[in-house]
Number of protein chains: 2
Amino acid sequence: MKRRLVWIMLSAALAATSAVSVMAAETGSVIVSKTEGVADTVYGKVRGFIDEGTYTFRGIPYAKAERFQMPEAPDAWEDVLNCLVYGPTAPITKMTSPDGGDFLIPHRYWAQNENCQNLNIWTQSLDPEAKKPVMVWFHGGGFTNGSAIEGVAYDGKNLSEYGDVVVVTVNHRLNVLGYLDLSQYGEEYQYSGNAGIGDLVASLKWVQENIANFGGDPENVTIFGQSGGGRKVMSMMMTPEAEGLFDRAVVQSTNTSYQTQDAAQLVAAYTLENLGLTGDQVDELKDVPYDTLDAAASEAQKRVKEELGTGGSWVPVIDGDYLPAAPLDGGLQEWTNDVPLMIGSTFGESNSFSEVDPNTVNKNDWTEEEVSAKLEEKFGEKAENVLAAFRQAWPEKKDANAYYVDDSKRRAAFQVVDKRIESGADANYIYLVSYEPPIEGGVSLWHCGEIPFVFHNMDLLGVGASYGNTPEAYKLQDEMCSAWVNFARTGDPNGENVPAWSTYTADHEATMVFDAESGERVSFDKELQDLMKK
Amino acid sequence: MKRRLVWIMLSAALAATSAVSVMAAETGSVIVSKTEGVADTVYGKVRGFIDEGTYTFRGIPYAKAERFQMPEAPDAWEDVLNCLVYGPTAPITKMTSPDGGDFLIPHRYWAQNENCQNLNIWTQSLDPEAKKPVMVWFHGGGFTNGSAIEGVAYDGKNLSEYGDVVVVTVNHRLNVLGYLDLSQYGEEYQYSGNAGIGDLVASLKWVQENIANFGGDPENVTIFGQSGGGRKVMSMMMTPEAEGLFDRAVVQSTNTSYQTQDAAQLVAAYTLENLGLTGDQVDELKDVPYDTLDAAASEAQKRVKEELGTGGSWVPVIDGDYLPAAPLDGGLQEWTNDVPLMIGSTFGESNSFSEVDPNTVNKNDWTEEEVSAKLEEKFGEKAENVLAAFRQAWPEKKDANAYYVDDSKRRAAFQVVDKRIESGADANYIYLVSYEPPIEGGVSLWHCGEIPFVFHNMDLLGVGASYGNTPEAYKLQDEMCSAWVNFARTGDPNGENVPAWSTYTADHEATMVFDAESGERVSFDKELQDLMKK
C-alpha cells in the first residue's frame, strides 16, 4: 500500500498540532483535521473524516496474509494512518464488458490487490462508552466477485445516520485466492480452501478488539450480507472459529450450496496441472501472477464441473474442521441457537434484467393467452395449478408475475429456518420483498433489489434510481431500514416504522412481506412454493 | 459488446408499442420507455433515459477499429440500441494501489475493452431544430490513462441543464493501443502512432453527422479538455483531418509536449524486441494480449527515455502528415485562426496531494523563517526575488503559497497564445483558477481542481467535496460554468455571471483570475513567471 507508506513517511515531519480545520458548509460539511476524527486501534491510530456529522474511515487494515495462508494480525504502525480513501479490493477476473444491469444496480470498481484485508466504518460517535449496535456487511458476488464498495448502495453513511448504528463493510479474499484447497499438498496449506472465510473471521476479531473506539458495542454485533454475502454470514454460523464474535445474523437472498473437499481438491489438482506443475511444486503457486493463476483455476473449475456435475464455482470447502458440515447437514453451530436470525429473499430473484429492457416484450403487456403460454413454457403440466396457487398467494399481483416468482432463495430460507427450529433456535424472522419498482408498469424486484432499502440509500442511486423515487419507495426504505436496525439493536425487528412481525414457527408460518403496503402474511404462498419444487 | 447483442436479439420479439412508462417522482424522475428518449443516428436508433428532464445516452458507438488501425464507421444495427449503461473504457495498466488523491478527485473505474470507441450524451432536447451549442469533452490522464467517466466530475447532466447545451464525453484508445508507431514496418501501420487521435477525429465526425438528432448544432461545436485532454484539444487544432469539425476550443491545464517520430519508432522497435519479435513479425502484435503488450511497451518507453533523455510516455507522434508539426513549431493549423481559444491553468498545478494530508506540515502553519527556507530550497538564489514578485502578483495570498505557484502550465498557455497571435488568431482568452478550498486553512488549487466548477458539479463530489461546499465555491461554479457555456455559445466567455474578460493581446495581457472574488488582471504576474523560468 504505497499511499500509506508515503503518508507515514511524510508524517515523520509532523508538526505538533495546529488549529483544527473545519470547513464551513452550505449543503454539507466535511472535516479533515489533525485532531478530530482520529481513533485508536490496537495497531495504531487511524484518521477518518467527518461527513455531515458521520465519522468515516476507509480502508483500515484488519489483517494481513500470505497467499493461501490464514490471516494474521496486521502490522502495527506509528503516527496516524490516513483512512480517507478506500483500500484495495480483492482481485477478480478482469471485466471487459460492462454489466447491463448497472442501470438498476450501480457499481463501483477500484484498485485490486491481494493485500485486501481492510474494512470501512461509518459511525456517529467515537466515544468508547457509546456502545452503539454494530452492523458488519459482507458483500455479494458469490465468493468470486464483488467488493465492500462494489455496490453504490453499500455506502454506510445513511444507514449509520438513520439507525444510529456503527456500519462496517469488509474486503476479503475471493475466488482462487480465497478458496483453492491445497490441503493435500502439505500441512501449511491445510486451510487454503477457506482462506477467504478466515479473512471474515479475522475481520470480526478486529471488530471485537477495536470497535468500542468507534462508538460500537463489541457485545452487540450483527453480521448481514446478501447473495454470496448471505452465505458468508451462514459460514460464520458454521465455523467454530466465529463463536462469540457476533450476536445476530441476517441472511439475504442466498442458497445453501457449499463445496465438498473432494471436489475442491480436484480443482486444485487440475489447477496445478494446467500450470504444468506437480504437487511437489505447489510452493511455486505463491509466485504465479494472479491473472495466470485465476485463468488456470477457472479452467480447472470447468473441468471438475463437467466431470462431477457439481462444483464449478468458488465456494467455501466443507473440510470437517474449519467448516465441519454444510448448513442443511447439521452444519449450523449449536451456539448459533442463541443468535437471532433474519432471512429472506426478493420476489423476482431470478428475474433477468431483460425484463426491464423496453426492447423486449413487457410482462405487463401480455394478454391472458400469452401469460398461459409463458407459464406452460416454464411449468409444463403444472402451469394451471401454479397460476391458481399464485392467484391465491398474491391476489393483488398480475397473473404475469407468476412467471417471475422466485422459489429457490425463498425455499433456502425455509430450509435453513426448519433446521434451526429442529435444533432449538427459536428467533427466526422470514421476509420477502415484493415491491415492484414502477418501470414499464412494474418490475418484479430483482436479485440485489432490496439492498438500497436496507441501507436507506434511495438517494445514492442516481439514475439507477429506477427503483422508483416514489413515495412508496421512500416509505419502504424507512420500514426496511428500521427493521434491520431494530433487529441489530435487540434481536427483534419489531419497533417504530415496522408492521407487527412474528417469528416463524411450525404453527405460525409468518413472512413479513415488504411492499408498497407491508405486513405479515401467514402460510400464504405455501401451496405455490410446494408446487414449484422440482 | 455482449450486452448489446443480447438485447438486440431479444428485441426481435418486440411488441408493437405499449403504454409509455413514466415514473412518478418525489425527488426526481427517471423515464425509460419504448418511445420516449429514443433518437436516430446514421447507424441506427439509440435509447437513452430521461433523468429529471435531461436526455441521457451512454455508450453510443461512434466508430470501430482494428488494433493499430485508424477507425472506421461503426457497424449499423437494427431495432433500438439500449444506451442506458456506459460503454467500455480503453484498457489501461492494471491499478493495484488506490490513488490517495481520490479523496479530492473522486474516480470511477469500469470495464475495459479495446473496442472502446463510444461516447455519452446529455441534452435538454431531441428536436433536430433545437440547435443548441455542443460541448465535446476529451478526458485527461495524459494519453495513457483515464476515461470519459473516470472523473465523477465529468458527469454532463448538470452542465447540460445549467447551460442548456449538449454535452458529449468521449472514450478512445490510449497508451500502446493508441500511440505505438509501427509505421516503419509497413504501410498498413502508417498511422498507428496516432490511432488514438484518429478516434477523437472520428468522434467529431460522428458529432457532425448525428448531433442534430440530439438537439445539437453541428455548426457550433466546442471541444474542451483538461491535462492530456487539453493536449487532445490541441491535437485537433494540429491535424488537417479535423478541419471543419469544431468551432471553438478550450485547453485546460496542459503542456505542449509531443513525440518525435524517431523516438516513437524506437519505442516500437524495443517493444518488438521485448516480445522476441522481429519487424517481419509485426503482424503478431495484433494478437498479443493487452497486458503483455502494455508491459513490453512500457519497458521500451523506459529504455528510450534513458537513451534519448526525452519521451518515456505515450504522446501523439509528430509524423509530418497526420500531425504535421508540434504546436510551438507552427503546428497549429492556419484554419484554427478562426477558432476562438480559451486556455488556462490552476494556481497549484504541481501541488501534490500531500499538502492536504493532516499528517504533514501545513503551509498555513509555516513561520516566516520556514517560508524562506522552503523558497530557498526550491528557487535557490532567486528565492528572495521570487517572493517579492509573488507578493506583487498575489498581494492577497500568504507568502507560503509562493512555494506552490505553477509556472509550467501557465507558461504553456502564454506560449500557445503568443504563437496564435503571431499567426493572426485574435480570439484568445487566458484564465487562472486561484480559488483556495478551505481545507486546513486553504490549499492551492491542484491539477484537475477546476473541473467540477466547469461542469457545475459541486454537488456530485460527495465527501470529496473537500472543495469546500462553501458559498464561494458555489458562486465560482456559476461563474466558471457560465464562462465556458457563453464561450461555447458565442466564442466569447463574457455574459451573465461572468466579470468583464478581455482577449489577451500584446498590449493588454489579460488573465481572468477565478477565485472567491473573480476578475480580470493585466500583466499581473509577468515578473513572477519570468523569474520562475529556468
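State the number of residues belonging to region A:408-467 that are touching a helix residue (DSSP H, G or I) at 6+ places or on another chain (Cβ under 7 Å), under 17 Å from residue A:513 (Cβ atoms) and in a helix (DSSP H, G or I).
4
Out of A:273, A:241, A:284, A:209, report the one residue that is part of a helix (DSSP H, G or I), of a type in the set (Asp, Glu) and surrounded by 18 or more Cβ atoms within 10 Å (Cβ to Cβ).
Numbers: A:273 fails: surrounded by 18 or more Cβ atoms within 10 Å (Cβ to Cβ); A:284 fails: surrounded by 18 or more Cβ atoms within 10 Å (Cβ to Cβ); A:209 fails: surrounded by 18 or more Cβ atoms within 10 Å (Cβ to Cβ).
Residue meeting the stated conditions: A:241.
Find the residue count for region B:45-62, including only residues that are at the interface with chain A (Cβ under 9 Å from one of its Cβ atoms) and of a type in the set (Lys, Arg).
The number of residues fulfilling the criteria is 2.
What's the number of the only condition in (1) surrounded by 18 or more Cβ atoms within 10 Å (Cβ to Cβ); (2) assigned by TED's automatic domain parsing to the domain that holds residue B:404 that residue B:365 fails to meet?
So the condition that residue B:365 fails would be (1).
Determine which single condition residue B:397 fails, assuming it passes every other condition in (1) within 17 Å of residue B:444 (Cα to Cα); (2) more than 32 Å from the chain's Cα centre (by Cα).
Every condition holds for residue B:397 apart from (2).
Is it the case that some residue within region A:430-442 is touching a residue at least 60 places away in the same chain (Cβ under 8 Å) and surrounded by fewer than 17 Cβ atoms within 10 Å (Cβ to Cβ)?
Yes, the conditions are met somewhere in region A:430-442.
May I ask you to list pairs of residues, at least six apart or on different chains, whose Cβ atoms are under 6 Å apart, with the first in region B:51-76 being more than 20 Å from residue B:169 (Cα to Cα) and in the same structural domain as residue B:205 (by TED's automatic domain parsing) and the second being at pLDDT 95 or above and charged (D, E, K, R)?
That search, which allows pairs on different chains as well, returns B:67/B:286.
Picking from A:38, A:32, A:46, which residue would you name as being closer than 18 Å to residue B:359 by Cβ and modelled with pLDDT under 95?
From the options A:38, A:32, A:46, the qualifying one is A:32.
Test residue A:411 against the stated conditions and say whether it is of a type in the set (Lys, Arg) and more than 20 Å from the chain's Cα centre (by Cα).
Considered against the rule, which asks whether it is of a type in the set (Lys, Arg) and more than 20 Å from the chain's Cα centre (by Cα), residue A:411 comes out as no.
Just the residues that are modelled with pLDDT under 95 and either of a type in the set (A, V, I, L, M) or touching a helix residue (DSSP H, G or I) at 6+ places or on another chain (Cβ under 6 Å) (or both), please, taken from region B:58-80.
B:79, B:80, listed by residue number.
Take the residues in region A:76-86 that are of a type in the set (A, V, I, L, M) and facing another protein chain (nearest Cβ under 7 Å); name whichever of them is surrounded by the most Cβ atoms within 10 Å (Cβ to Cβ).
So in region A:76-86, the residues of a type in the set (A, V, I, L, M) come out as A:76, A:80-81, A:84-85.
Next, from what is left, pick out any that are facing another protein chain (nearest Cβ under 7 Å): A:80, A:84-85.
Values: A:80: 21, A:84: 27, A:85: 22.
Looking at the filtered set, the residue picked out is A:84.
I want to confirm something. Restricting to region A:81-99 and keeping residues that are aliphatic (A, V, I, L, M) and touching a helix residue (DSSP H, G or I) at 6+ places or on another chain (Cβ under 8 Å), which single residue is farthest from residue A:145 (Cα to Cα)?
Checked region A:81-99; the qualifying residue farthest from residue A:145 (Cα to Cα) is A:81.
Can you find even one residue in region A:252-259 that is closer than 25 Å to residue A:311 by Cα, touching a residue at least 12 places away in the same chain (Cβ under 8 Å) and among the aromatic types (Phe, Trp, Tyr)?
Narrowing region A:252-259 to residues closer than 25 Å to residue A:311 by Cα: A:252-259.
Adding the requirement that they be touching a residue at least 12 places away in the same chain (Cβ under 8 Å) leaves A:252-259.
If we keep only those that are among the aromatic types (Phe, Trp, Tyr) too, we end up with A:258.
Checked region A:252-259: at least one residue is closer than 25 Å to residue A:311 by Cα, touching a residue at least 12 places away in the same chain (Cβ under 8 Å) and among the aromatic types (Phe, Trp, Tyr).
Among the numbered criteria (1) surrounded by fewer than 24 Cβ atoms within 10 Å (Cβ to Cβ); (2) touching a Phe, Trp or Tyr at 6+ places or on another chain (Cβ under 8 Å); (3) more than 14 Å from chain B (Cβ to nearest Cβ), which one does residue A:414 miss?
(2)
Can you name the number of the only condition in (1) outside any loop (DSSP other than H, G, I, E, B); (2) out of contact with any Phe, Trp or Tyr (no Cβ under 9 Å at 6 or more places or on another chain) that residue B:78 fails?
(1)
In this structure, is residue A:387 in contact with a helix residue (DSSP H, G or I) (Cβ under 7 Å, 6 or more places away or on another chain), surrounded by 17 or more Cβ atoms within 10 Å (Cβ to Cβ) and free of Cβ contacts under 8 Å to residues at least 24 places away in the same chain?
yes
For residues that are assigned to a helix (DSSP H, G or I) and without any contact (Cβ under 8 Å) to a residue 24 or more places away in the chain, tally how many sit in region A:296-310.
Summing the residues that are assigned to a helix (DSSP H, G or I) and without any contact (Cβ under 8 Å) to a residue 24 or more places away in the chain in region A:296-310 gives 3.
Which of (1) within 26 Å of residue A:218 (Cα to Cα); (2) at pLDDT 95 or above does residue A:504 not meet, given it meets every other one?
(1)
Does at least one position in region B:503-516 carry a residue that is surrounded by fewer than 20 Cβ atoms within 10 Å (Cβ to Cβ) and in contact with a Gly (Cβ under 7 Å, 6 or more places away or on another chain)?
no
With respect to residue B:400, is the statement that it is within 14 Å of another protein chain (Cβ to nearest Cβ) and within 21 Å of residue B:379 (Cβ to Cβ) true?
On the way: within 14 Å of another protein chain (Cβ to nearest Cβ): yes; within 21 Å of residue B:379 (Cβ to Cβ): yes.
Judged against the criteria, residue B:400 is a match.
Pick out the one residue from B:503, B:470, B:490 that is within 22 Å of the chain's Cα centre (by Cα) and among the polar types (S, T, N, Q).
B:490
Looking at region B:94-140, which of its residues are away from chain A (no Cβ under 12 Å) and hydrophobic (A, V, I, L, M, F, W, C)?
Within region B:94-140, B:119, B:121, B:126, B:130, B:134, B:135, B:136, B:137, B:138 meet the criteria.
For residue B:290, state whether it is in contact with a helix residue (DSSP H, G or I) (Cβ under 7 Å, 6 or more places away or on another chain) and of a type in the set (Phe, Trp, Tyr).
Judged against the criteria, residue B:290 is not a match.
Identify, please: which residue in region B:417-464 is at positive phi and at pLDDT 90 or above and is, among those, nearest to the other protein chains (Cβ to nearest Cβ)? Steps first, answer last, please.
Initially, region B:417-464 is screened for residues at positive phi, giving B:424, B:440-442, B:448, B:456, B:462.
From the residues that got through so far, the ones that are at pLDDT 90 or above too are B:424, B:448, B:456.
Values: B:424: 45, B:448: 15, B:456: 14 Å.
The qualifying residue nearest to the other protein chains (Cβ to nearest Cβ) is B:456.
The values are calculated or read from the model by the stated rules, or taken from the named source; none is laboratory data. Small disclaimer: the values here were computed from a predicted structure and weren't measured. Here Cβ is always computed from backbone atoms with ideal geometry, including for glycine, and neighbour counts include all displayed protein chains.
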